[in-house]
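What follows is a single structure, and I will ask about it in a moment.
The values are calculated or read from the model by the stated rules, or taken from the named source; none is laboratory data. The structure presented is a predicted model; accordingly, all values stated were derived computationally and were not measured. FYI the Cβ positions are ideal-geometry reconstructions off the backbone, even for glycines, and counts take in every protein chain you see. Remember, those area values only see protein heavy atoms, side chains included, never the ligands or the DNA or RNA. Shrake-Rupley method; radii C 1.70, N 1.55, O 1.52, S 1.80 Å.
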Amino acid sequence: MRIAVLNRDFCKPDKCSPFGEKPCIKYCPRVRTGDKTIVLSPDDKFVIITENLCSGEGICIKKCPFNAISIVNLPDPLENQISYRYGKDQFSLFRMAIPKKGKVLGLIGPNGIGKSTLLKLLSNELKINFGRFEEATPNWKEIIKHYKGSELHQYFIDLNENKSKIVHKPQNIAIIPKFVSGKVIDLLSKNDAIDQLDHISAELNLTKILEREISVLSGGELQRVAIAAAYLKDGDVYLFDEPSSYLDVSERINMAKLIRTLSEKNKTIIVVEHDLAILDYLSDYVSILYGQPSVYGIVSHPQGVRVGINIYLNGYIKDENVRFREVPITFHEHPPQNSPFDSGDVVFSYDDIEVSFGNFKLTASGSEIHAGEIIGIFGPNGIGKTTFINSISEKLKTESPNFNVENNETDSENTRKLNVSVKAQYIKIEEEGLVSDLITQIKLAPHLSQSYKKRLINNLNLEHIRERKISELSGGELQRVAIARCLSKEADLYLLDEPSAFLDVEMRLQVAQLIRKSIEELKKASFVVEHDIITQDFIADSILVFEGIPGLKGKAIPPQNLRDGFNLFLKMMEITFRRDTATKRPRVNKLGSNKDIYQKRINEYYYIPK
């Protein structure tokens, strides 16, 4: 079976050749023999691919200068398993996930692979069409008959007869203030069908913001309000799309515990989540989505949560005999016992910091950072992490004896202004232009090696979006551009605030590896604020922990080695982690489990030493 997909946003036949030639057409052997495999649309705006004639040589893909065309050969057994197709030469989804009452189904896969499409099919926002998008689209009777004998049969009967109340927590919570106004208490009261507003507000730490206007809420506050509103609606099926975005570690655990209580009420719960530790903690079983982003997606058969996540990391589904990743993702088994940078070159040192904003006060103990070192920053929201990053950034922009280069020299002759590159938490689009402009800047940067440039462009998949306007990028695409811009600048210190936000699992781990390799090659230093435990475990050499009272006072403890820093932070969060025996990835212990109780007793929250 073969499918052809054209990304109409990328296709520019009037620009693909300076001589007016259309290379995807010119070099197609079927066109040369008279078979119109690839033709221009009547208005000459995009190419039309005739799939039944296309033999899949791949020449058109190689000749297309904009990466607009994808032609993919699929196994024949999938031909009769297509669930939905958006249209001719557009994205296709194969198979369906199988939700179960009283269970939490986790969906895992890269962006653009069909997770949101799957949620829309299960919520009846889209209707299954079995790939028939032009005429003779299936009716409900045909759909229900198709799934007879499976667990989806009764699900679609209830959906058709409006017996299931669907509650959908959307992915993009930033749009909520555009459609909802008023105070938080008003929104939650309106949705409180189970008379548990006070209880849910306390569970999600919303009590103090109930009187606030929705328009002034932060990203984390909006996320918690959206989760609370969904929970209070008393539905039959709950769809949560990326519920951990903007939340700190403790808030993520509280969210996961709350969603799990829905399974005790025999509800059907489906969760899309990119934080592997939270997905593991939250789910009873998982379905993996694999394929080619923006081209096609395939839903795997259900897997146990531990086995499913390990399959995803390994990239091979044994029962389907499919490999979708060439190189498995592996984790280091033991953290370094002591910092390897104790005797290394000091990039800079800083004295104690005190910053006040209104009623909030931040204090940070002075320390130093070494060449090639990445200090991971942990702490709850509202504790001063971003304020600390901004303070370091602002002070480094001016000459100051408090920020000294090499061996803590304090005289002005040995003090120089340090360059700093910042990837902010909230990314602002300050200029128009295309992604290709940034790619050109990177390629022409004289201070970067060719291998560094290639790794930066390839690992962040910038070529795939090179013709896109920066102002029109999605959250994940904009994040990748911001990371590329930060790591391509010539600087002494790189400050990255939540680099994994909006990224899927695969890209998070690619970014983590990219940051590590970049700082090591540049022999510079970096601070990285991150809430994803697994991503931070990949990135950091040392850990700087913030403690205090969110919104009132925060204190930054001097950086510690990886094991001690993680142990301190997780103890503050009252969470313990263990290592998966196969992949060595961190896994959250269930609260009150034997492992949780044992690790707390021996004061080992991060690793159990061997």
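Lys/Arg Cβ at +1, Asp/Glu Cβ at -1, dipole of the stretch 135-193 taken about the Cα centre: which of H153, S181, W140 is farthest positive-ward?
S181
Moving on. Would you mind calculating the relative contact order of the chain from Cα pairs under 8 angstrom and at least 6 residues apart, reporting the percent as a whole number?
Once divided by the residue count of the chain, the mean separation gives 13 percent.
With only Lys, Arg, Asp and Glu charged, each at its Cβ (+1 for the first two, -1 for the last two), find how big the charge dipole of the stretch 419-491 is about the Cα centre; round to the nearest 20 debye.
320
Just how large is the dipole of the chain about the Cα centre, in debye to the nearest 20, putting +1 at every Lys and Arg Cβ and -1 at every Asp and Glu Cβ?
Once rounded to the nearest 20, the dipole reads 1780 debye.
Let me ask something additional. Give me, ordered by chain and number, the residues 5 or more places off S92 or on other chains with an amide H under 5 Å from its own placed amide H.
Result for S92 returns Y296, G297.
Continuing with the same structure: Determine the calculated [θ] at 222 nm for the chain from helices alone, applying -39500 (n - 2.57) to every DSSP H run no shorter than 4 residues and normalising by the residue count; nearest 500 deg cm²/dmol.
-9000 deg cm²/dmol
Using only the Cα atoms of the stretch 546-592, build the gyration tensor, take square roots of its eigenvalues as a ≥ b ≥ c, and label the shape rounded, prolate or oblate: rounded if a/c is under 1.5, else prolate if a/b is larger than b/c, else oblate.
Oblate is the answer for the stretch 546-592, as a/c is 1.5 or above yet b/c matches or exceeds a/b.
Continuing with the same structure: With the calculation restricted to Cα positions, what are the radius of gyration and Dmax of the stretch 243-295 in angstrom?
12.6, 38
If you count, for each residue, the other Cβ atoms within 10 Å and average over each peptide, how do 26-32, 539-545, 60-66, 160-166 line up from highest to lowest?
Most protected by this proxy first, the peptides run 539-545, 60-66, 26-32, 160-166.
For the peptides 587-594, 565-572, what is the packing order when you average, over each peptide's residues, the other Cβ atoms within 10 Å and list the highest mean first?
Going from most to least packed, we get 565-572, 587-594.
Let me ask another. Using a 10 Å cut-off on Cβ atoms, rank the peptides 298-305, 353-360, 173-180 from the highest mean neighbour count down.
For the peptides 298-305, 353-360, 173-180, the packing ranking is 298-305, 173-180, 353-360.
Ok, one more. Using a probe radius of 1.4 Å on heavy atoms only, what accessible surface per residue do you get for the chain? Whole Å² is fine.
The answer is 45 Å² per residue.
Moving on. Which is farthest toward the positive dipole end of the chain among N419, V435, I483, measuring Cα position about the Cα centre, with Cβ charges +1 (Lys, Arg) and -1 (Asp, Glu)?
Farthest towards the positive end: V435.
At a 1.4 Å probe, what is the % contribution of carbon and sulfur to the accessible area of the chain?
48
What residues qualify as long-range amide H neighbours of V347, i.e. H under 5 Å apart, gap of 5 or more or another chain, H built at 1.01 Å from N?
Those qualifying (amide H under 5 Å, at least 5 residues apart or on another chain) are I369, H370, A371.
A further question on this structure: For the chain, rounded, prolate or oblate, judged on the Cα gyration tensor with a ≥ b ≥ c (square roots of eigenvalues), a/c < 1.5 rounded, else prolate if a/b > b/c?
oblate
Could you derive backbone 3J(HN,Hα) for the stretch 212-225 from the dihedral phi with the Karplus parameters 6.51, -1.76 and 1.60 (θ = phi - 60°), listing whole Hz in sequence and x where the residue is Gly or Pro?
Result, rounded to whole Hz: 7, 6, 4, 5, 9, 6, 6, x, x, 5, 4, 4, 5, 5.
Go through I61, N461, G34 and say which Cα lies farthest out towards the positive end of the charge dipole of the chain; charges sit on Cβ, +1 for Lys and Arg, -1 for Asp and Glu.
Of the listed residues, the answer is G34.
Taking the Cβ of E21 as the centre, find all other residues whose Cβ is under 12 Å away and add up their charges (Lys, Arg: +1; Asp, Glu: -1).
Charge balance near E21 sits at +3.
Could you grab the relative contact order for the stretch 489-574? Cα pairs under 8 Å, six or more apart, rounded to a whole percent.
Value for the stretch 489-574: 25 percent.
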